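First comes the structure, then the notes that go with it.
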Amino acid sequence: MSDMVHPYIPNSVPEVKREMLRAIGASSTEELYSDIPEELRFRRKMNLPQPITAECDLVRHVMGILGKNQTCEENISFLGGGCARHYVPAICDEINGRSEFLTAYAGEPYEDHGRFQALFEYQSLMAELLDVDVVNVPTYDWGQAASTALRMAARIVGRNVALVSDTVSPERLAVMMNYCTPTLRIIPVAHSRATGMMDLADLKRKISDETAAVYFENPSYLGPIETEGEVIAEIAHQYGALLVVGTDPASLGVMVPPARYGCDLVCGDIQPLGMHMHYGGGLGGFIGCRDEERFVMEYPFRLFGIARTSVPGEWGFGDVAYGRTSFAQREEGKEFVGTAAALWGITAGVYLSLMGPKGMRDLGTTIMQKSQYAMARLSEIPGVRAPAFDAPHFKEFVVDFNGTGRTVRQINEHLLAHGIFGGADLSRDFPELGQSALYCVTEVHTQEQLDYLVEALSCAVKGGDCHGQGA
C-alpha cells in the first residue's frame, strides 16, 4: 500500500515519499500516525471506485455529477433564512479575485499587500452602516458572531444566563447552544402568536439579576420587524443586562440601526453585501459595539486599526490590542478563534463603497416594495395568508397554507416542477405554525417572477397543473 501511486494524491510516487520522510527524519508514514490508538485505525481497504487516470475523462465525469445540480440560474429561488440571493456587482468578484486578496485568510505584516488597509476600510464602512465605533474582521458566520456576542456579554457583566427570542433561526440557535454550553445557559423568550414579536410579558417574567444578555433579531428569522426595541433595551438595562441584537445589514438603509434603540452589541452576517450563495454561503459574521474598553477587550477576533509609523507623515494598518486574542495567549485566551472570513470582509467593503448611503437606501426600499407586492398578491390566493403575522416585514415573511388543505412539501414539489424553489418548510421547527413556509423576496426578483409564483402557487393549492416555466 505504501508503494501505491495514486493519480489524485500529490507526492505519492514512492521515491518522492521516501525523500520527504528522510527530510523530516521519519522511517515510514506509519510513524507519523503513531499517536493514534490502534483501535481507532482503519486497516481495511476503502470501498472507493477506481481512479480515472485520463484528465479529460475525469473532467467529463465530474461535470456529469455537477450537471445534476439545480441552481438559482435556471430556477427562481424564494429561499432565505440566513442565505439569500442578492445581486453581486461584477466588481466584487473582480477585486476579491486579485492575488493580493485571494488568500486573505488572516496574514501577518511581512506578507501584507494591502489587506490590512482593505479590512480597516471594511470595518469603517460597516461601523458607519451600523452606527457603532468598532467592528471585527469577519468570523465564520452569524451563528458564531451571535454566540460570541453572548459570551462577551457574559464576561462583561459577570453573569451566565442569556434570554434569547424563540424566533431565532433553528440552525443558528443550535450553534449558539453548542458554542455557549456550559459557560452560558440559554433560556428562550416566547413570541406573540399574533405579531411574531417578542412577548414582553414573558421577558419580564424571565429576566433577573442573573441575566447577562437579552438577544433578539431584527428583522427576525420569521420576518417581523421588532418595533419595541427601545422597551426591550430598557428592560434589559434595568437588570444590568446587555442588549444584543442580530440584524440583516441589507435592511439598514431603511431601518434604524440597533445602536439607536439601546443595543450594546450588534451582530449578523455580511452575506447580502456582495456575496454569492455558493451552496449555502459566502458567509461572514460581524460584531459591532461602542468604543469602550470593556467591550473592545472582550473581542476574541482580529481588529485592525490605524497608527502613525516611525516615518513622519506615514500611517500603518495592523492589529489593535493583539494581546487579547487567542493567537497571542493561546491557552490563556478568553475564547479560541480560528479561521477568519477576511476575504468576504474585503468583498463587503467593495460592495459598501460602491453602494454608498443612497445605494443602501435604494436597496432597502426596493426589497421592501417587492416583498410587500409579493405578500399582497399571495394573499389573493384562496386559503393562503401572507404574511402570517400582523407586523411590518423587510424581505422575509411567513406564508400560511393551513387553509388550503395542502402541505408545504406538496406545494414545494409542485413549484419545483415549474422551476421555482419554494419557501423553507417551517412545520418541523415551528409546529405551532402548522403548514407554513418562510419566503424571501429580494432586489433580484422581478414583477414577472413574483406574478409567476402566484400563478404557480394558485395551481399548487388547487392540486392542478401550470403551464410554462419561468426563470
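Inside the stretch 273-292, residues that are open to solvent by less than 10 Å² (accessible area, probe 1.4 Å) and either in a loop (DSSP other than H, G, I, E, B) or hydroxyl-bearing (Ser, Thr, Tyr) (or both) make up a count of 5. Among the residues that make up the stretch 210-218, is at least one of them in a loop (DSSP other than H, G, I, E, B), at pLDDT below 95 and in contact with a Lys or Arg (Cβ under 7 Å, 6 or more places away or on another chain)? There is no residue in the stretch 210-218 that is in a loop (DSSP other than H, G, I, E, B), at pLDDT below 95 and in contact with a Lys or Arg (Cβ under 7 Å, 6 or more places away or on another chain).
Looking across the stretch 185-237, just one residue is charged (D, E, K, R), open to solvent by less than 20 Å² (accessible area, probe 1.4 Å) and more than 21 Å from the chain's Cα centre (by Cα), and that is 202. Each residue in the stretch 238-268 was checked for being over 21 Å from residue 291 (Cα atoms), under 14 Å from the mean Cα position of the chain (by Cα) and either aromatic (Phe, Trp, Tyr) or open to solvent by less than 10 Å² (accessible area, probe 1.4 Å) (or both), and 1 pass. Residues of the stretch 138-184 that are in contact with a Lys or Arg (Cβ under 8 Å, 6 or more places away or on another chain), within 20 Å of residue 221 (Cα to Cα) and open to solvent by 20 Å² or more (accessible area, probe 1.4 Å): 142, 179.
Could you please let me know if residue 167 is assigned to a loop (DSSP other than H, G, I, E, B) and touching a Pro at 6+ places or on another chain (Cβ under 9 Å)? Spelling it out, residue 167 is indeed assigned to a loop (DSSP other than H, G, I, E, B) and touching a Pro at 6+ places or on another chain (Cβ under 9 Å). Checking 261, 351, 299 one by one, the residue that is over 20 Å from residue 149 (Cβ atoms) and of a type in the set (Ser, Thr, Tyr) is 351 and no other. Annotation note: of 454, 399, 444, the sole residue that is aliphatic (A, V, I, L, M), assigned to a loop (DSSP other than H, G, I, E, B) and modelled with pLDDT of 95 or more is 444. Take the conditions farther than 30 Å from residue 291 by Cβ and of a type in the set (Lys, Arg) and apply them to residue 358. Does it pass? Answer is no for this residue. Among the residues of the stretch 226-262, those identified as within 28 Å of residue 354 (Cβ to Cβ), touching a Cys at 6+ places or on another chain (Cβ under 9 Å) and not in a helix (DSSP H, G or I) are 245, 246, 247, 257.
Within the stretch 53-92, if we keep just the residues that are assigned to a helix (DSSP H, G or I) and touching a residue at least 12 places away in the same chain (Cβ under 8 Å), the residue that is least open to solvent (accessible area, probe 1.4 Å) turns out to be 92.
Regarding the stretch 32-52, can at least one residue be identified that is over 37 Å from the mean Cα position of the chain (by Cα), among the polar types (S, T, N, Q) and surrounded by fewer than 11 Cβ atoms within 10 Å (Cβ to Cβ)? So far as the stretch 32-52 goes, yes, one or more of its residues are over 37 Å from the mean Cα position of the chain (by Cα), among the polar types (S, T, N, Q) and surrounded by fewer than 11 Cβ atoms within 10 Å (Cβ to Cβ).
The values are calculated or read from the model by the stated rules, or taken from the named source; none is laboratory data. Note that this is a predicted model, so its numbers are computed, not measured. All Cβ positions, glycine included, derive from the backbone under ideal geometry; neighbour counts span all protein chains shown. Accessible surface is based on the protein model in full, side chains and every heavy atom, while ligands, DNA and RNA are left aside. Shrake-Rupley method; radii C 1.70, N 1.55, O 1.52, S 1.80 Å.
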